[in-house]
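Data block below; observations after.
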Amino acid sequence: MCNGLSPNDWAEKNAPLLKDLQFKYLDGTALETTTQGMKASVTLKVQLFVLIGEVVQIELYTLKYVEGHLLIDGQEIEGDRVIGESI
């Protein structure tokens, strides 16, 4: 998953930081999806809350098929803005 960690390991490692930031996903919209062979990508516009307030950011997920299931292979944050600024 992220940085070579399994989802459970990533969550365990980052839970204290996310709790301190009061991190919460509020909403999200898929902007684009593509599939090519055994790989796919999804671009999301997400609204989240952190200690400084609400933030909108664009997230790009790359996925790959493993044993018939699509799994997250990577994630990039393309941009983030504090609510009230355009994205």
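The values are calculated or read from the model by the stated rules, or taken from the named source; none is laboratory data. Owing to the predicted nature of the structure, the values given are computational and were not obtained by experimental measurement. Here Cβ is always computed from backbone atoms with ideal geometry, including for glycine, and neighbour counts include all displayed protein chains.
If you go through the stretch 17-66 and keep only what is over 16 Å from Ile77 (Cα atoms), among the aliphatic types (A, V, I, L, M) and touching a Leu at 6+ places or on another chain (Cβ under 9 Å), you end up with Leu21, Leu26, Ala40, Leu51, Ile52. All of Leu44, Leu26 fail the test of being in contact with a Phe, Trp or Tyr (Cβ under 9 Å, 6 or more places away or on another chain) and loosely packed, with under 15 Cβ neighbours inside 10 Å, apart from Leu26.
Residues in the stretch 56-82 that are among the β-branched types (Val, Ile, Thr) and either closer than 14 Å to Gly28 by Cα or modelled with pLDDT of 85 or more (or both): Val56, Ile58, Thr62, Val66, Ile72, Ile77. For the stretch 22-55, the set of residues classified as aliphatic (A, V, I, L, M), over 16 Å from the mean Cα position of the chain (by Cα) and modelled with pLDDT under 90 consists of Leu51, Ile52, listed by residue number. Across the stretch 47-76, which residue is surrounded by the most Cβ atoms within 10 Å (Cβ to Cβ) among those that are more than 21 Å from Leu5 (Cα to Cα) and β-branched (Val, Ile, Thr)? Among those that are more than 21 Å from Leu5 (Cα to Cα) and β-branched (Val, Ile, Thr), it is Val56.
When the stretch 35-66 is filtered for residues that are touching a Ser or Thr at 6+ places or on another chain (Cβ under 6 Å) and either β-branched (Val, Ile, Thr) or touching a residue at least 24 places away in the same chain (Cβ under 8 Å) (or both), the ones remaining, listed by number, are Val42, Lys45, Thr62.
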